[in-house]
Amino acid sequence: MGVFRKLILLALLSTLLLGTLWAANLLPIREIYKVKEGSTVEATGVVLVVPNRLMSKTTWLQDETAGIMLYGNLPGLKIGDVIRVSGKTKLYYGILEILPDKIEVVGRAEVRPVDLNKLFENEAKKEELNDKKVKELLNSVMSQLVVVKGVISDISN
């Protein structure tokens, strides 16, 4: 086998191996909440907020299962960027976040907020909504972009 063919084969094997290593810990965001704090995780999702807009060195990532906060150096990310991120998990005042080691922009997507009205209407059809169930529903959309429609009927001091 010639040197050129060996180099091409080596390049292909390296690419396959790196892709496998990159995806070895790839999890839906909802599953990241189940791993031990300090674990190294990988996720893919849509950027919800321009970094540093709401909090220093912070943005939020959302997939179809959940959302999570990212904290660290987040250069050049834009709303709607689809990113693949790897890093360690950490609790910050009771909220789980990822401290990214590696971020790769892999595409663009429309940011789709969770409709709280629909979520609560669907749950109310299944069972009566009590304080416990409302808390569960709100926790289920933690760190996600949400939309709610309603009328403010009173503002108290």
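The values are calculated or read from the model by the stated rules, or taken from the named source; none is laboratory data. This structure is a prediction, so every number in the text was calculated from the model and none was measured. Ideal geometry is used to build each Cβ from the backbone, glycine not excepted, and the neighbour counts take in all protein chains shown. Remember, those area values only see protein heavy atoms, side chains included, never the ligands or the DNA or RNA. Shrake-Rupley method; radii C 1.70, N 1.55, O 1.52, S 1.80 Å.
Applying 0.36 nm per residue to the separation of Glu123 and Ile155 and subtracting their alpha-carbon distance, the gain on full extension is 8.8 nm.
Extension gain, Tyr92 to Asn52, is 12.8 nm, computed as 0.36 nm per intervening residue step minus the present C-alpha separation. The trypsin sites (Lys or Arg not before Pro) of the range 29-95 that DSSP puts in a loop, and whose beta carbon has at most 16 other beta carbons within 10 Å, are Lys34, Lys36, Arg53, Lys57, Lys78. Can you list which of the chymotrypsin sites (Phe, Trp or Tyr not before Pro) found in the range 72-157 are DSSP loop residues with at most 13 other C-beta atoms within 10 Å? In loop regions of the range 72-157 (DSSP not H, G, I, E or B), the sparsely surrounded chymotrypsin sites (Phe, Trp or Tyr not before Pro) are Tyr93. Between Thr65 and Lys132, the distance separating the two model label sites (each 7 Å from Cα on the Cα→Cβ line) works out to 2.6 nm. In the context of the full set of protein chains, residues of the range 34-125 present 56 Å² of accessible surface per residue (probe radius 1.4 Å, heavy atoms only).
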